[in-house]
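The values are calculated or read from the model by the stated rules, or taken from the named source; none is laboratory data. Since the model is a prediction, treat every value here as computed from it, not as a measurement. For neighbour counting, all protein chains shown are included, and Cβ atoms are generated from backbone atoms with ideal geometry for every residue, glycine included.
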Amino acid sequence: MRTVLLSCLLLAPLPAAAQSAAEEALIRQVFAQIQPISFRENVEYCGYVGLDDDGQLVASRATRGDEGSCLSDDPANIAVITASYHTHGAYSPDYYNEVPSGDDMEGDEEEGIDGWVATPGGRLWYIDTEDMITRQICGIGCLASDPRFVAGDMGHIEQSYSYSELVRLLEE
């Protein structure tokens, strides 16, 4: 009986909070690998996270984009996509790249998934497309940051933004 109960518990889906913590840990590993390359090449890198055929949480291989965008390849190793991920490339005073863009949020919403964004300052953002809110998981330097990054260049960065707040901020 204990074996049957244990087997049922192991096969049950993870609660959302546990899956989120596991997804965050995985995405931090992915960004640790691709952020330095993204800075050096001054391009975005992107991909997906999700569940493989065995129900294990995995990340797809990163796709190289260009300076201001990235379109992920279809992931061969993911059966169920749960979120996207992408870097924002190298620091530039010409871009507001310390926050996700409205396009970032819209793209994830169109795909029906959430998203993760890493910035040149080393911030980690999570995009929740159900509520169309992005929230800062951790601030400057929690991920690798571009050595050329200038703190405060964008002014004050809030801990979270609704889609409309973000669009207004980026239009200013």
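Quick check on segment 28-50: of everything there that is assigned to a helix (DSSP H, G or I) and among the polar types (S, T, N, Q), which residue is surrounded by the most Cβ atoms within 10 Å (Cβ to Cβ)? Of everything passing the filter in segment 28-50, 38 is surrounded by the most Cβ atoms within 10 Å (Cβ to Cβ). Selection within segment 93-106: residues that are farther than 12 Å from residue 128 by Cα and not charged (D, E, K, R). The member of this set that is surrounded by the most Cβ atoms within 10 Å (Cβ to Cβ) is 97. Among the residues of segment 88-117, those identified as assigned to a strand (DSSP E or B), free of Cβ contacts under 8 Å to residues at least 60 places away in the same chain and of a type outside the set (Gly, Ala, Ser) are 114, 117.
Restricting attention to segment 153-163, does a residue exist that is under 19 Å from residue 49 (Cα atoms), modelled with pLDDT under 95 and charged (D, E, K, R)? For segment 153-163, residues under 19 Å from residue 49 (Cα atoms), modelled with pLDDT under 95 and charged (D, E, K, R): absent.
Annotation: of all residues in segment 59-76 being of a type in the set (A, V, I, L, M) and surrounded by 16 or more Cβ atoms within 10 Å (Cβ to Cβ), the one that is nearest to residue 24 (Cα to Cα) is 59. Scan segment 48-56 and give yes if some residue there is polar (S, T, N, Q), on the phi < 0 side of the Ramachandran plot, modelled with pLDDT of 95 or more and out of contact with any Ser or Thr (no Cβ under 8 Å at 6 or more places or on another chain), otherwise no. Yes: one or more hits. Restricting segment 66-90 to residues that are in contact with a Cys (Cβ under 7 Å, 6 or more places away or on another chain) and under 13 Å from residue 118 (Cβ atoms), the residue that is modelled with the lowest pLDDT is 70.
Residue count for segment 118-157 satisfying the condition of being in a loop (DSSP other than H, G, I, E, B) and of a type in the set (Lys, Arg): 2.
Name the residues in segment 51-65 that are in contact with a Cys (Cβ under 7 Å, 6 or more places away or on another chain) and outside any strand (DSSP E or B), would you? Can you show your working first?
Initially, segment 51-65 is screened for residues in contact with a Cys (Cβ under 7 Å, 6 or more places away or on another chain), giving 62-63, 65.
Hits for segment 51-65 are 62, 65.
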